[in-house]
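Each remark here refers to the structure printed beneath this line.
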Amino acid sequence: MEWPCLDEYEKLVIRMNTPRVVVDNAVCATTTLVKVDSARKHGILLEAVQVLTDLNLSIKKAYISSDGRWFMDVFHVTDLNGNKLTDESVINYIEQSLGCIHHVRSNSFNGLTALELTGTDRLGLLSEVFAVLADLECNVVESKMWTHNGRIASLIYVKDCDSGNPIEDSQKIDRIEGRLRNVLKGDNDIRSAKTSVSLAVTHTERRLHQMMFADRDYEREPIIRSASESPAVTVQNWVERGYSVVNVQCKDRRKLLFDVVCTLTDMQYVVFHATINTAGDKAYLEFYIRHTDGSPISSEAERQRVIQCLQAAIERRASEGVRLELCTEDRRGLLADVTRTFRENGLNVTRAEISTTSEIALNVFYVTDAMGNPADPKIIEAVRQKIGLSNLKVKELPLINHQEAERDEPTVGVGGAVLLSLGSLVRRNLYNLGLIRSHS
């Protein structure tokens, strides 16, 4: 039996479920507004934030509301220089990407083999890893590495040096895993180092959070105390409304919102409402959450675990150290040589981002001395002389731009005793989304 109206019905379903995205430069003088209205599903907030942070945009403010079956939010964003978005290609990309966030999207690297590594961090570990891969004729195309509380997690995308194809031979994969596992274990790893090989992986940074969470880095005491303040996180239950209210106060930085929302999502919590504000170099984040089964946090142990996990998620990407940028023609063994030079000069890599574009290596390393203290400028200069002054450059961390006019404190600070009523929160979010008018 044929249904002549089927096509029109399908179009209606698509219109009902396709997110409505508006990018607006007219409303605010200092930021670009990105508004998203969509049917609600678990993880949709993370997917929206991921689109924006993957473009290296700074989220200055955000208002989120997703009660019932509808998800509504607005993000105030700028580029890295603190300016509004004017590039039409970027704006079009945002509209298209946010418009299809209901569809399954893969961040896997086609034609590459993914190596996942976790273990105990130590001086020169990254050098040993890259030396093994060079010896096994694995070409490192992309990689990210984080360290936190004495642990290391890394995702490394490789291909065969000779063929340029992904590595699929089971015997070679076994050799890679075995040798990397031995390197990670070292002489005194009290935990079992882990290695795995796959041909596909989820979003790289989300996967790094998942790997460190599974490694329980949040339970460990830091080997070296950071000079910066630890994130302040509180969790309270709003019994009347059935929410757990999470407040976070910490230093602002790029991708902060992604790190927090990623952790809440992977811990199986749903964000129903949230408000994000920045003032000066501080960020204030407030989330109204429940379990995916609809229940709030139910025990003191669970509350403490949420606090620990959120603090860890914020700290993982905030590695301290001198930022070194390497830009040079790619070649076999390049990473092994560069990181060996770091090790021989007593520099410890706390975070790394490796990429290759059109046969050009574009790598970023954050380094400290062996004890986690700021590296001696003379040693940095000696390393640059060895690797090449024009190839390895010292870069300052990008400053987070804030508008001086925005100095208002958030309505509910960390540890605030007063919880906003649900009605006022929803009204505030709807007002900021432009769906209702102010009556003041």
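The values are calculated or read from the model by the stated rules, or taken from the named source; none is laboratory data. None of the values given here were measured: they were computed from a predicted structure. Neighbour counts are summed over all protein chains in view; Cβ atoms, including those assigned to glycine, are modelled from backbone coordinates with ideal geometry. Protein only, heavy atoms only, side chains kept; ligands, DNA and RNA dropped before computing areas. Shrake-Rupley method; radii C 1.70, N 1.55, O 1.52, S 1.80 Å.
Some values worked out for this structure:
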{"read-out": "Residue-by-residue Karplus 3J(HN,Hα) for the stretch 54-60, coefficients 6.51, -1.76, 1.60, Hz, glycine and proline x", "value": "5, 8, 6, 8, 8, 9, 7"}
{"read-out": "Under the Karplus curve 6.51 cos²θ - 1.76 cosθ + 1.60, θ = phi - 60°, whole-Hz ³J(HN,Hα) for the stretch 82-88, x wherever Gly or Pro sits", "value": "x, 9, 5, 7, 10, 6, 4"}
{"read-out": "Label-reachable residues, the stretch 151-187, where backbone N falls under 17 Å from a point 7 Å from Arg332's Cα toward its Cβ", "value": "158-167"}
{"read-out": "Efficiency of FRET between Asp135 and Lys282 - r from beta-carbon atoms, R0 30 angstrom, step 0.05", "value": "0.05"}
{"read-out": "Label-to-label distance, nm, for residues given as Val27 and Ser163 (7 Å Cα→Cβ offset)", "value": "5.2"}
{"read-out": "Burial order of peptide ranges 290-296, 301-307, 334-340, 136-142 (average beta-carbon count within 10 Å, highest first)", "value": "334-340, 136-142, 301-307, 290-296"}
{"read-out": "Pairwise FRET efficiency - Ser358 versus Ser170, Cβ, R0 = 30 Å, nearest 0.05", "value": "0.40"}
{"read-out": "Distance in nm between pseudo-label sites at Asp376 and Ser230 (7 Å out along the Cβ direction from Cα)", "value": "3.2"}
{"read-out": "Accessible surface of the stretch 13-104 [probe 1.4 Å, protein heavy atoms]: carbon and sulfur percent", "value": "53"}
{"read-out": "Extension gain from Leu80 to Asn237, taking 0.36 nm per residue of separation minus the Cα-Cα distance", "value": "52.9 nm"}
{"read-out": "Segments 261-267, 58-64 sorted - mean Cβ within 10 Å per residue, highest first", "value": "58-64, 261-267"}
{"read-out": "Label point distance in nm, Gln304-Gln96, each placed 7 Å from Cα along Cα→Cβ", "value": "5.0"}
{"read-out": "Förster-model FRET efficiency, 30 Å R0, Glu344 and Glu219, C-beta, rounded to 0.05", "value": "0.35"}
